Amino acid sequence: MVVTNGGLLTPSKIHELADAGLSSLIISVDAATEEIHEKNRGLPGVCNKIKEANKVLKDIGMYSTASVTMSHLVDYNALPDFLTSLGFESVVFSYPLTKLDSNFLGFSDAGLVTHTNESLWQAYEKVKQLKKKFHVVNPTLSLEEMQRFVQDEEQRYPCLAGYRFFFLDWDLNLWRCHFWHEPMCSIYEFDSSKLVRDGCTKFMINCYRDSSLMQNIAVSMQDAYQSIKKGKLLDTAKALIRKGNVDSLRAVMEELPWIMRF
């Protein structure tokens, strides 16, 4: 899977990517109209390229998902029709990032993405309502977790960044996530002793938080398996009855049609 703005996608390029083993694309969309999206991207004509790309992808049995950052450009009510006109059947929302402590530059403390806690809570609510009209990949339970995040309420699902998900930078340094202030190690020094699992819920990055929710059930099963191998039956039981397991399974089942495409 790769993420692209679609500006360089051509039928021949798509076929090259498919032949190289690519199974799907994430294509960025910034707004609910062609004019606003292309102006914000600085890419005149890119919407037509996206439409053509989606036609080619469907013809060869590949899929794309729209990626929409939760900015003030987004008209959530108009978005489903616009995404459908571009040939999309699913959308994933990126949670707005105004600050990162790593060397990843995918953030901006700018008016388009800067929210009050209340306006961001309302944005998450609009995404939840959008699920009634269009396939939103972010699990509902994860969106509700982010609503608790912005209201400083206790969160229910630990992030698995540093344990099951990582950020690898251009210098091949491995970070537990985009937000963390220092790398874990060089990729060449990585082994299981570097893994971090401390129940962190400090940050709001959808590629970690949404995935962690869905992975929690698998991690619990792995913990139970390791415990039973060691004869630790009490630890096995504790892993199997963790209160987040059922919610994790619910999140997986909600997004299973999208997951099974890949």
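What follows is calculated from the coordinates using simple rules that are stated; it is not laboratory data. It should be emphasised that the depicted structure is a prediction, and the values quoted were computed from it without experimental measurement. Cβ sites come from the backbone with ideal geometry, for glycine too, and all protein chains shown count toward neighbours.
Miscellaneous remarks
- Here the contact order of the chain, divided by its residue count and restricted to Cα pairs under 8 Å and six or more residues apart, works out to 14 percent.
- Magnitude of the charge dipole, the chain, Cβ model with Lys/Arg +1 and Asp/Glu -1, debye to 20: 800 debye
- Cα centroid separation - the range 68-106 against the range 225-262, whole Å: 30 Å
- Relative contact order, percent, the range 2-136 [alpha-carbon distance under 8 Å, six or more residues apart]: 23 percent
- Taking the DSSP beta bridges with both ends in the chain, the antiparallel portion is around 20 percent.
- When the helices of the chain are scored as -39500 (n - 2.57) per DSSP H run of n ≥ 4 and the total is divided over every residue, the value at 222 nm lands at -13500 deg cm²/dmol.
- Here the chain is scanned for GluC sites (Glu not before Pro) in DSSP loops (not H, G, I, E, B) that have at most 12 other Cβ atoms within 10 Å, and the longest stretch holding none of them is 1-152.
- Altogether, the Stokes-Einstein calculation at 25 °C and 0.890 mPa s, with the Kirkwood radius of the range 2-136 over Cα pairs as Rh, returns a diffusion coefficient of 156 µm²/s.
- Segments 207-214, 59-66 sorted - mean Cβ within 10 Å per residue, highest first: 207-214, 59-66
- Whether the range 112-247 is rounded, prolate or oblate, judged on the alpha carbon gyration tensor where a/c under 1.5 counts as rounded: oblate
- Loop-located trypsin sites (Lys or Arg not before Pro) in the range 100-151, at most 12 other Cβ atoms within 10 Å (DSSP): Lys132
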